[in-house]
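S.K.: Structure in structure tokens, see below.
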Amino acid sequence: MQKLLRGLIPVLIFLVSHSAFAQTGEVRGFVYDKASSEPVIFTTVFLDGTNFGISTDINGYFSITKVPAGTYTLKVSSLEYADFTESITITSGKIITKRIELEESNVQLDEVTISGKKIAAQENIQVAINTVKPREIKIMPSVGGEPDLAQYIQTLPGVVFTGDQGGQLFIRGGSPVQNLILLDGLLVYNPFHSIGLFSIFDTDILKNADIYTGGFNAEYGGRTSAVIDVATRDGNKNRFGGKVSTNPFTSKLNLEGPISKGENGGGVSFVLSGRTSYLDRTSKLFYDYVETENGLPYSFNDIYAKTTISSSQGSKVSFYGFNFSDRAGLDANSTFGWDQIGVGTNFLFLPTGSSQLITGTIGYSSYDIGIEEATQSPRNSKVSSLNLSLGFTYFIKKSEIKWGIQYVGNSTSFNTVTPNKVNVEDNQNNTEMAGYFKYRIVQSRFVLEPSVRLQYYASLGNLSLEPRFGAKLNVTDDFRLKFATGLFTQNLIATRSDRDVVNLFAGYISSPSSLFNENRESVDVKLQQAQHYIGGFELDLFRDRIEINVEPYIKLFTQNININRLKVFADDPDFIVEDGQSSGVDFQVKYDDRNLFVQAGYSLGFNERRGPVGDGIVRQGINDDASQPLSYRIYNPSFDRRHNVNMIVSYAFGKNESWELSGRWNLGSGFPFTQTVAFYENVNFSGGSNANPVNENGELGIIYDDFNKGRLPYYHRLDLSAKKKIEFNKNSTLEISANLINVYDRDNLFYFDRVNFERVNQLPILPSLGLSWSF
């Protein structure tokens, strides 16, 4: 590590000094929406008539460096805004800082605007990443007219969602615990409510969401599969406003505005979001097929608040906090719930006279989950984390260097009872520290992005060197090849096994004390480990209005750690070590021409795990033959969906496009499950040595077929919505939304009770009417 740092320091000093004394200048700054002073992200800023240009980042920041001295026309081109132009003079050795405000435009897309979008595609790797903006979420049919990130993520290629009720999110073969989830830089452990149609993220305060389905660079770590990085808006800096909405499922209130106004766009602003559900109370009134006395047993509450202090030059600091809760009634005698809280601060600092951009986050979050059942002792789990990060970004023309340090200190506690009535309790304190370095090299026909992450798990004493690499080749202006690969590790383990079909209870544990491989040898590196290999191409057609994206991938999970569901005795190991592979290919076609939006995706996926699958074979106790290897087999985990199709169509029409019709159709092949061979009477000799098996009543015993060899039926569902906007004035709009979920009332299987031979389905047809007023 010391040799690596000694090698990097001279390079960094050279880069900084070279920038300071070169006979060129720099223009940098931020691009904002004039009405709200919110940053305009991922828009193109360039010097007209030259090849100097760049896209703004998530903060609206841009930096065009190494510009020869002279007079230029600075131009900004965006999809939703009128073009901006200004004459500027570049002086050698000087930095010009600009604050650019864009006004909304109703003009249809032109070639310059579309070319700006193409520039972003050509200059970024964009392997296995979906950048989601609020507009794309809002055009989808939604439950009660309330658009939600959870519903949109389910439509992305490579994403498998296992059900509307208690569903889990699997991204290209990775389990939920293997997804890194960030909200404004703060760790979040469960983004979805028990009824899987709703997430904790409020679309109306969303600025951007990056969904990495694999191959992410060294800036992210501590997870082996995917990343969901969500950022919220800072709040309107010019005027007070908000939104009130209601429907049969939820009600919501948003408020935002300036606390104090400063000069040239500076000042203090706030955003506040609160949402509550009452499906458990309204469902029995609106939906006559709900037979339970208490209605559909789901309820949740979400609160998020944020205040931001901004300078006129673009530097800012934000303070935020959240409180999310969820409750579900499993049956008359069983309850489930979790609470998630967090507080934090993040900042962006633009030093005067330096080409660097400095960002950082400090925050604390916790997740507390519990379940009580009539037939089993209560189970609970809690994880709390303190995370800190500091990053430095430096621009060289279109290229970018970023490096930083990160720290996560967490504690986990877990208390449960296995199906074999064995108590398991685990309490751990952990420290993770990391440093990363990323260099994005942009040339006319190719982009390279080597990066490396050095991650230290103090509680395990493991140091992990994780190289990552991405590349893109611009074969033509319309056709691009791309590739990404990397090594990934994590310490956190879920108490929910990959073998579970339905399990709302998902606690967290870490730092397993002892691990054994199939040869019964102790495993020294007690980390989950994975390798990603992702390729693909992008193709633009019809004057760039049609985007085609194809990505084949392989994820090698070289060491997966699962809780030992087969534990019988106290001396049996708590965990099992497995390996596996997920592979497939994802296709996506997108057409976006303002009033018409079409998105179609297809995923072909294969998921395999290799591990113990039978009773007792993972034992290390006295009844096990320690001289023989454990019996490992290849099996398909419960989320292995071979085919998955998603289609979204949205069309806006009428005066000022005040009407909108949208639809979504999803088709998924059946999940694997273990079939039943036979039932028998299992006499447990509860009377001891005097028991008479002829007269004693036994328990119901089940003989199972091979693990997960069966397949459930296909899943498919159609959702439709119609929206009408009534504009009273520029800042006051009423939206009426009529929605129909599961239009043709498909009986999609949720769970089959093999003992009582009863079928439990996913949500039936759900009509709803929603109202919202924006002011």
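The values are calculated or read from the model by the stated rules, or taken from the named source; none is laboratory data. Bear in mind that the values here come from a model prediction, so they are computed numbers and not experimental data. Here the Cβ positions follow ideal geometry from the backbone for every residue, glycine too, while neighbour counts run over all protein chains shown. With ligands, DNA and RNA removed, areas are computed over all heavy atoms of the protein, side chains included. Shrake-Rupley method; radii C 1.70, N 1.55, O 1.52, S 1.80 Å.
S.K.: Which of the aspartates and glutamates could a cross-linker bridge to residue 655, judged by Cα under 12 Å and excluding same-chain residues fewer than eight apart?
M.R.: Straight-line reach from residue 655, under 12 Å: 727.
S.K.: Next question, about the same structure. Quickly rank 636-647, 426-437 as a protection proxy: mean count of other C-beta atoms within 10 Å, highest first.
M.R.: 636-647, 426-437
S.K.: State the percentage of accessible surface on the chain attributable to carbon and sulfur atoms; use a 1.4 Å probe and exclude ligands, DNA and RNA. Before the final figure, lay out each step's value.
M.R.: Numbers: 18000 of 32230 Å².
C and S atoms contribute 56 percent here.
S.K.: What is the dipole size for the chain, taken about its Cα centre, with +1 at each Lys and Arg Cβ and -1 at each Asp and Glu Cβ, in debye to the nearest 20? Could the numbers behind the result be given before it?
M.R.: Details: 72 positive and 83 negative charges, 466 e Å.
Charge dipole of the chain: 2240 debye, to the nearest 20.
S.K.: Per DSSP H run of n ≥ 4, the term is -39500 (n - 2.57); total these for the chain, divide by its residue number, and report the mean residue ellipticity at 222 nm rounded to 500 deg cm²/dmol.
M.R.: Estimated from H runs of four or more residues: -2000 deg cm²/dmol.
S.K.: Here's something else I'd like to know. Output the 0 to 90 degree angle, nearest 10, between the alpha-carbon long axis of helix 2-21 and the longest principal axis computed from the alpha carbons of the chain.
M.R.: Tilt relative to the chain: about 20 degrees.
S.K.: Let me ask something else. Putting +1 on Lys and Arg Cβ atoms and -1 on Asp and Glu Cβ atoms, find which of 67, 143, 454 reaches farthest to the positive end of the dipole of the chain.
M.R.: Of the options given, the answer is 67.
S.K.: Can you list residues whose amide H is under 5 Å from residue 232's amide H, if they're 5+ apart or on another chain and H is modeled 1.01 Å from N?
M.R.: 184, 207
S.K.: Sticking with this one: Residue 278 to residue 754: extension gain in nm, 0.36 nm per residue of separation minus the Cα-Cα distance?
M.R.: On the way: separation 476, 0.36 × 476 = 171.36 nm, distance 3.14 nm.
Full extension of this stretch gives 168.2 nm more.
S.K.: List, in order, the whole-Hz ³J(HN,Hα) value for each residue of the range 763-772 obtained from phi through the Karplus relation with A = 6.51, B = -1.76, C = 1.60 and θ = phi - 60°; use x for Gly and Pro.
M.R.: With coefficients 6.51, -1.76 and 1.60, one gets 4, x, 4, 10, x, 7, 10, x, 10, 9 Hz.
S.K.: Over all directions, average the projected area of the Cα convex hull of the range 126-274 and note it in nm².
M.R.: The directionally averaged projection comes out at 10.0 nm².
S.K.: Distance between Cα centroids, the range 234-281 to the range 710-775: provide it in whole Å.
M.R.: 26
S.K.: Now, a different point. When Lys and Arg each count +1 and Asp and Glu each count -1, what net charge do the other residues less than 10 Å away from residue 252, Cβ to Cβ, add up to?
M.R.: -2
S.K.: Taking R0 as 51 Å, what FRET efficiency do you get between residue 261 and residue 743 from their Cβ-Cβ distance, rounded to the nearest 0.05?
M.R.: Numbers: r = 48 Å, r/R0 = 0.95.
For R0 = 51 Å, the calculated efficiency reads 0.60.
S.K.: Tell me the angle of helix 111-123 to the major Cα principal axis of the chain, expressed in degrees between 0 and 90 and rounded to the nearest ten.
M.R.: 60
S.K.: On to the next question. How far is it, in nm, from the label point at residue 548 to the one at residue 433 when both lie 7 Å from their Cα along the line to the Cβ?
M.R.: 5.1
S.K.: Distances longer than 18 Å among the Cα atoms of the range 370-418: what percent of all pairs is that?
M.R.: Of all Cα-Cα pairs in the range 370-418, 60 percent lie more than 18 Å apart.
S.K.: Hey, can you find the accessible area per residue of the range 406-549 for me, probe 1.4 Å, expressed in square angstrom?
M.R.: I get 41 Å² per residue for this part.
S.K.: Please calculate the 1.4 Å probe accessible area of residue 746, with all protein chains present, and give it to the nearest 10 Å².
M.R.: Per-residue accessible area (residue 746): approximately 70 Å².
S.K.: If you don't mind, there's one more thing I want to ask. Please work out how much length the chain gains when fully extended from residue 312 to residue 709, using 0.36 nm per residue of separation minus the C-alpha to C-alpha distance, in nm with one decimal.
M.R.: 136.7 nm
S.K.: I would also like to ask the following. How charged is the neighbourhood of residue 402? Take every other residue with its Cβ under 9 Å from the Cβ of residue 402, and add Lys/Arg as +1 and Asp/Glu as -1.
M.R.: 0
S.K.: How much accessible surface area, in Å² rounded to 10, belongs to the heavy atoms of residue 339 with a 1.4 Å probe?
M.R.: Using a 1.4 Å probe on the heavy atoms, I get roughly 60 Å².
S.K.: So how do 238-248, 400-410 stack up, highest first, on mean other-Cβ count within 10 Å? Write out the running numbers ahead of the final one.
M.R.: Values: 238-248: 17.4, 400-410: 19.2.
Descending packing order for the listed peptides: 400-410, 238-248.
S.K.: Under a cut-off of 24 Å between alpha-carbon atoms, report the lysines in cross-link reach of residue 66, not counting same-chain residues fewer than 8 places apart.
M.R.: 75, 94, 98, 117, 118, 397, 398, 402, 438, 472
S.K.: Heavy atoms of the protein only, probe of 1.4 Å, neighbouring chains included. What is the accessible area of residue 373 in Å², nearest 10?
M.R.: In the full protein context, residue 373 sits at about 50 Å².
S.K.: Right, something else. Which of the peptides 267-280, 150-163 is most tightly packed, and how do the rest follow, judged by the mean count of other Cβ atoms within 10 Å per residue? Each step should come with its number before you reach the end.
M.R.: Details: 267-280: 20.1, 150-163: 22.5.
Going from most to least packed, we get 150-163, 267-280.
S.K.: So if we plug the beta-carbon distance of residue 253 and residue 681 into 1/(1 + (r/R0)^6) with R0 = 41 Å, what FRET efficiency do we get, rounded to 0.05?
M.R.: Efficiency computed from Cβ-Cβ geometry: 0.10.
S.K.: Taking the convex hull of the Cα atoms, report for the range 297-446 its projected area averaged over all directions, in nm².
M.R.: Its Cα hull, projected and averaged over all orientations, spans 14.0 nm².
S.K.: Follow-up question, since we're still on this one. Set Lys and Arg Cβ to +1 and Asp and Glu Cβ to -1, take the dipole of the chain about its Cα centre, and tell me which of 262, 173, 241 lies farthest positive.
M.R.: 262
S.K.: For every other residue with a beta carbon closer than 11 angstrom to the beta carbon of residue 269, add +1 if it is Lys or Arg and -1 if Asp or Glu, then tell me the sum.
M.R.: +3
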